[in-house]
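As structure tokens, the structure follows; a few thoughts come after it.
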Amino acid sequence: MVDTIKKTEAEQSWEFFWEYKTNSARINWISQIEKDDGFIFGDQWDEKERNDLKKRGAPDIVYNVLGRVANWLVSMLTANKINSRAAPVTQSDAMLTEALNTYDALVWNKSSGDIAFDQVIEDCVFRSCGYLLHYYDPSQNDYRGDVRYMRVDPREVYVDPASREWDYGDAECIIIAKLIPVKRAKLLYPDLEKKIDKIAGEYQESTSLILTLSQDTVGDDAIEKWTPEQIYVGGTGDTKVGGRINQIWLLNRYTKERFPVWQFINPLSGELVETLEDPKKIFDDEGVLSPEIVKIYKWRVRRVESLQDDILLEDEILPLLEADYPIKPFSFSWLGNPFPMSMITSQEGKQRFLNKCLSITVTNAQIASNPKLLAQSGSLVGPVGPMSIDEWRNNWSAPGSLNFYQGGEGLSAPKEVYPQSLNQAFFTLCKDIIFEIEQEVGIFSIMAGDPSQAPSTYRATLSIQENGATRHKRLTRRIEAAMERLKRVSFQQTLAYVTVMDAARVVVDEQGKEIEFTPEAWSLANWSQNVATTAGSSLPTNRIAQLQLHMELLDRAVVRPKDVRKYLDIPNVQKIDEEMDELIATQQQLQQTTETNKALSQEVTRLSHALQEADRRVLETQYEAKLQKALVQTQSRLEIESSQLTQAIKEKADNGLSKPTSR
């Protein structure tokens, strides 16, 4: 614990930095990181082992299975873009979250986020831990300021050794310390050039120190002021005399502290307001009746930037409602402290054993092809006389050579000594070691593209893929959780630092028009109650096996063709999806039109039949009318004729009665 009584913020940062830097656990961890860095790139024999191999004539061959597996693990963990997003709590917050996601994607792109994330995961696998920082840069966006993401070298991050949480959230402070040249410091801070010269001059005025190559520090009188990395020493030989400062430490210290917060109800809007300054004085100065004010204490993150222990550059409280550090660790194997273990460290012993097995195998093959020669002293001669051992050996190994030796009493011909053949179990052991490394890491040969290890069915491929990915669930959960926590920080800082106008320019509606936000909507006050975050994953899927599986599901009409096409290795698959969607929509419209035409055709047929029936009925009605008319006419004519006939008969009858009867 650093004694902070009567010390400036710059001095406190420097003492925290020295406390963490000289911690024995951190020193061992940094040493292991440097060792792992060389090991993964082929430096897998130490000096003693190389000397022993050289004495035996054995090669220091490296069969870097661990490097191959580690690189494939990094590739797998970064196969897809990790997509942690803001999600609305209610539907009315959808526009705000969409704006946050869109703006964050733009910032991620401007920060080369994909490359930074790849490097962070490489740090995680190779060097046990990677760091990603979200920060505010006032020089961006034409000096209007903007937020950015940045990868931080794990060797430049100093964490409280007493921290026990996986994301170091309980750390007393986290320090990012960088060594920058003095000239660079003057360019960055031209107003502080004299103070920077004074810092460098303080060491130049006390160059009476005698620095030896074995010293880890520069002396007791400078241990709290200078570090060995800063000192350029002159002189020759084992003793270095004098020196000068050519680099200076730039420190960024993040701490969690409790600050007083005043809460009151705004008399105009009726909303709850929080401020870090006592508002009572403001109300009194303006002559406004002061509302009821409540003073509470809340945790906030404080950032202090300084040069060495003398110059305070900046001291601010970060605008985070959730007191969470803006730098997040991505640890490979968290051990309950800030010094995790890398994959290289965990598999180093097996890789060394594999290299030794390969060296033995190659040495055995060399001896078998060029065996040892056993000869008696004085028996080796040339065609014209005695020959040196080197000359005789070279002549012996030449193809088709003629070799002489001295015969006689007590002398025998030289004999070749062949090595014993290696047992087959030896080679099986080498394969077992390779399989053990692959199994523990979760990257099998087939996942690295080895066709000789491919199973006969895609279901077996899926099984291998699933079993391999399962081994990384614990690691990926930490990666996803760290990214989700960092996104929460990024969304809060975006709301606090980015103006409404800058946000509205990158968010457009479906017609491509800018969406205007009100200051009330684009506000940090809406964060905690209106916005949530969801975690994303960067793990890949086995594309070929998944494609075959989805083809079967497509045949059974379980999935859509669109779900299958995403597994095709086609660069313009999105455009194809859009065209296929349009084609499907056209086909559906054509189907609907065909069905409509069919229905209309049936209706036309029905109406035609109805019309024919109506025509028939009209004709029948007309015929009935004509027949009725003819019947009426016939009946009238018959009645007339009948009447006439009756009249004629009557007249004849009357005429007959009126004539006299002749006798």
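The values are calculated or read from the model by the stated rules, or taken from the named source; none is laboratory data. Keep in mind the model is a prediction, meaning the values are calculated, not measured. Positions of Cβ are backbone-derived with ideal geometry, glycine not excepted, and every protein chain shown enters the neighbour counts. The protein model used for the area step is the full one, side chains on, heavy atoms only, and it has no ligands, DNA or RNA in it. Shrake-Rupley method; radii C 1.70, N 1.55, O 1.52, S 1.80 Å.
Details
- Selection within the stretch 337-393 - under 32 Å from the mean Cα position of the chain (by Cα) and either modelled with pLDDT under 80 or not in a helix (DSSP H, G or I) (or both): ASN337, PRO338, PHE339, PRO340, MET341, SER342
- There is no residue in the stretch 360-374 that is among the β-branched types (Val, Ile, Thr) and under 30 Å from ARG488 (Cα atoms).
- Residues in the stretch 45-63 that are surrounded by 12 or more Cβ atoms within 10 Å (Cβ to Cβ) and in a loop (DSSP other than H, G, I, E, B): TRP45, ALA58, PRO59, ASP60, ILE61, VAL62, TYR63.
- Exclusive hit being in contact with an Asp or Glu (Cβ under 7 Å, 6 or more places away or on another chain) and open to solvent by 10 Å² or more (accessible area, probe 1.4 Å), set ASP137, ASP142, ASP114: ASP137
- Scanning the stretch 315-352 for residues that are open to solvent by 40 Å² or more (accessible area, probe 1.4 Å) and more than 22 Å from ASP153 (Cα to Cα) yields ASP315, GLU316, ILE317, LEU321, GLU322, GLY349, LYS350, ARG352.
- In the stretch 118-139, the residues that are touching a residue at least 40 places away in the same chain (Cβ under 8 Å) and over 24 Å from ASP315 (Cα atoms): ASP118, VAL120, ILE121, GLU122, ASP123, CYS124, VAL125, PHE126, ARG127, SER128, CYS129, GLY130
- Test: residue in the stretch 191-203 that is part of a strand (DSSP E or B), surrounded by fewer than 18 Cβ atoms within 10 Å (Cβ to Cβ) and at pLDDT below 90: no
- Residue among LEU73, LEU66 that alone is under 26 Å from VAL362 (Cα atoms), open to solvent by less than 40 Å² (accessible area, probe 1.4 Å) and part of a helix (DSSP H, G or I): LEU66
- Contacts under 6 angstrom Cβ, first residue in the stretch 140-165 being among the basic types (Lys, Arg), partner crowded, with 16+ Cβ neighbours inside 10 Å and part of a helix (DSSP H, G or I), 6 or more apart: ARG151/ALA116; ARG151/GLN119; ARG151/VAL120
- Residues in the stretch 269-305 that are modelled with pLDDT under 70, open to solvent by less than 100 Å² (accessible area, probe 1.4 Å) and not in a loop (DSSP other than H, G, I, E, B): 3 in all.
- Residues within the stretch 133-173 that are assigned to a loop (DSSP other than H, G, I, E, B), over 19 Å from the mean Cα position of the chain (by Cα) and within 21 Å of LYS21 (Cβ to Cβ), tallied: 9
- Cβ-Cβ contacts under 7 Å between residues 6 or more apart (or on different chains), taken from a first residue in the stretch 478-502 that is farther than 14 Å from LEU524 by Cα to a second residue that is buried (at least 18 other Cβ atoms within 10 Å of the Cβ) and of a type in the set (Lys, Arg), are listed as ALA482/LYS328; ARG485/LYS328; LEU486/LYS328.
- Test for ALA610: is it at pLDDT below 85 and either surrounded by fewer than 10 Cβ atoms within 10 Å (Cβ to Cβ) or among the small types (Gly, Ala, Ser) (or both): no
- Candidates in the stretch 30-44 are the residues that are within 13 Å of ARG352 (Cα to Cα) and not in a helix (DSSP H, G or I); of these, the one that is least open to solvent (accessible area, probe 1.4 Å) is GLN44.
- The set of residues in the stretch 80-101 being open to solvent by less than 60 Å² (accessible area, probe 1.4 Å) and either touching a Leu at 6+ places or on another chain (Cβ under 9 Å) or more than 28 Å from ASP153 (Cα to Cα) (or both) consists of SER84, ALA86, ALA87, PRO88, ASP93, ALA94, LEU96, THR97, ALA99, LEU100.
- For the stretch 629-642, the count of residues that are modelled with pLDDT under 85, open to solvent by 80 Å² or more (accessible area, probe 1.4 Å) and polar (S, T, N, Q) is at least one.
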